[in-house]
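Structure record follows, encoded as structure tokens.
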Amino acid sequence: SAAPYIGTELVQWIWGGFSVDNATLTRFFTFHFILPFIIAGASILHLLFLHQTGSSNPTGLNSNLDKIPFHAYYSYKDIFGFAIMLALLTLLSTFAPNLLGDPDNFTPANPLVTPPHIKPEWYFLFAYAILRSIPNKLG
């Protein structure tokens, strides 16, 4: 809403109304559901184009002797690695489900008090620092 000229219209378009409502939740859920399919489709399209034209070689030399087939070696290697990681994840979630959890999940919730030690995860710290450095959204 702080963007000049189009801020309020943009916010209303994203929200689907004048406030965050059921339409906003439905819109974000739909976007969240469809986005992986769009990314997968773009990746498949990229691989098809790459398979047709081939990847670029900066030296300009065509070395077919150094190539190994993809299917026999890499497919089995990837399937084996996926099976190992899936087995480890299954064992971890079956026999030690609370091992990777946060200890704060076991304390009873108090809706009137926010704990003072709560801070965002590491990948949101840059945005948190920006928000804390600006006292008001308009500067």
* Asked: Does Ala40 satisfy the condition of being within 30 Å of Trp13 (Cβ to Cβ) and either surrounded by 10 or more Cβ atoms within 10 Å (Cβ to Cβ) or of a type in the set (Gly, Ala, Ser) (or both)?
  -> yes
* Structure fact -> Val20 meets each of (1) under 20 Å from the mean Cα position of the chain (by Cα); (2) β-branched (Val, Ile, Thr); (3) at pLDDT below 90 with one exception, condition (1)
* Asked: Can you tell me which residues in the stretch 27-45 are farther than 26 Å from Gly17 by Cα and over 14 Å from the mean Cα position of the chain (by Cα)?
  -> Gly41, Ala42, Ser43, Ile44, Leu45
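The values are calculated or read from the model by the stated rules, or taken from the named source; none is laboratory data. Please read all numbers here as calculations on a predicted model, not as lab measurements. Every residue, glycine among them, receives a Cβ derived from its backbone with ideal geometry; neighbour counts consider all protein chains shown.
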